[in-house]
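Enquirer: Sending over a structure as structure tokens; questions will come in a sec.
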Amino acid sequence: MGGTANEVGEFAEVLVAKYYNGEQLPASNKSADIKTPDGKLIQVKSRKIEKLTTTSLNVIRSWNFDYLVVVLFSKEGNILKAVEIDSKTAERLSTRNEHQNGKVLTTNQELLSNPKSKDITSDLQNIIDNKNVRIISDINVTKIDSIKEISIQQNIKAVRTNTIISSTPKIELFPDNLEIFKKELLRVKRAKRIWYYNNGTIKTEIWNASNLTEKSDIKANIKTNSTFRKWEQLGIVKVRIEIIERES
């Protein structure tokens with residue numbers, strides 16, 4: 001991975017924007033680099049390092065954003081570590097730098113392994129590798145002969161099945177035509193959201209979609225839902241969204 005620190009930073013922003021299906025903000029925005037479809041603001045900090053060691057990130061002078069994403073690249077351009085953490089927790093972990101008139105974070109275990117940090121290393125690496133599948137890391141797998149081009153993480157302990165899942169849960173819409181679904185959702189402003197978990201349980205909730213407009217991206221809105229964003233730790237394998245007709 002060549003290039004200056006600025007070029008590495010620009011690549012990190014493009015990668016993170018793709019992950020969140022968000023838009024890159026102009027450089028004039030000093031607080032955030034990415035805006036998600038549901039309006040969340042994200043600051044991106046990155047470094048190119050030879051190995052995963054503690055290093056300082058660029059100073060942060062404004063904390064007017066919702067999430068901080070830290071991306072650490074190897075010199076080959078792979079993701080050594082990438083985490084998402086809420087801004088309040090990140091600020092508490094930072095230290096004041098009077099000379100730079102801001103606060104600085106270091107990539108120590110307190111940040112990278114914080115209980116409130118979400119590890120998105122494999123998700124970003126899959127984007128770089130143009131892969132959309134990976135093996136569930138918390139199960140045992142024994143038969144993988146038929147699975148091709150899947151990177152197996154070192155922490156996979158053994159082998160029991162060749163089950164694979166998409167990098168995000170399956171999304172089902174009813175009606176299944178996206179254009180028709182959006183039209184109906186804008187009309188009734190309510191839908192039933194059904195979560196399917198890998199332990200066989202199902203949970204249902206009501207989606208109040210009163211804030212959606214013609215310009216809204218339905219799939220992106222679903223993916224940035226707080227529950228969907230925690231799909232991995234919650235064990236979510238699918239979400240089904242069904243339009244709820246108004247009572248006559």
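Enquirer: Going by how many other Cβ atoms sit within 10 Å of their own, how do Ile85, Ile194 line up, fewest first?
Expert: Values: Ile85 21, Ile194 16.
Starting with the residue having the fewest Cβ neighbours, the order is Ile194, Ile85.
Enquirer: Largest first and to the nearest Å, give the Cα extent of region 169-243 along each principal axis.
Expert: 35, 19, 19
Enquirer: So the label point goes 7 Å from the Cα of Ser226 along Cα→C-beta, right? Which residues of region 58-72 then have their backbone N under 18 Å from it?
Expert: Correct set: 65-68.
Enquirer: When you take every Cα atom in region 5-129, what is the radius of gyration, and what is Dmax, the widest Cα pair distance, in Å?
Expert: Taking only Cα atoms of region 5-129, I get Rg and Dmax of 13.4, 41 Å.
Enquirer: Of Lys18/Lys230; Lys203/Lys230; Lys182/Lys215; Lys35/Lys103; Lys45/Lys118, which ones are farther than 20 Å apart at the Cα? Intermediate results must be reported in sequence, preceding the final value.
Expert: On the way: Lys18/Lys230 18 Å; Lys203/Lys230 15 Å; Lys182/Lys215 10 Å; Lys35/Lys103 22 Å; Lys45/Lys118 15 Å.
The answer is Lys35/Lys103.
Values in this text are rule-based calculations from the coordinates and carry no lab data. All values reported here derive from a predicted model rather than from experimental measurement. As a convention, Cβ positions derive from the backbone with ideal geometry for all residues, glycine included, and neighbour counts pool all protein chains shown.
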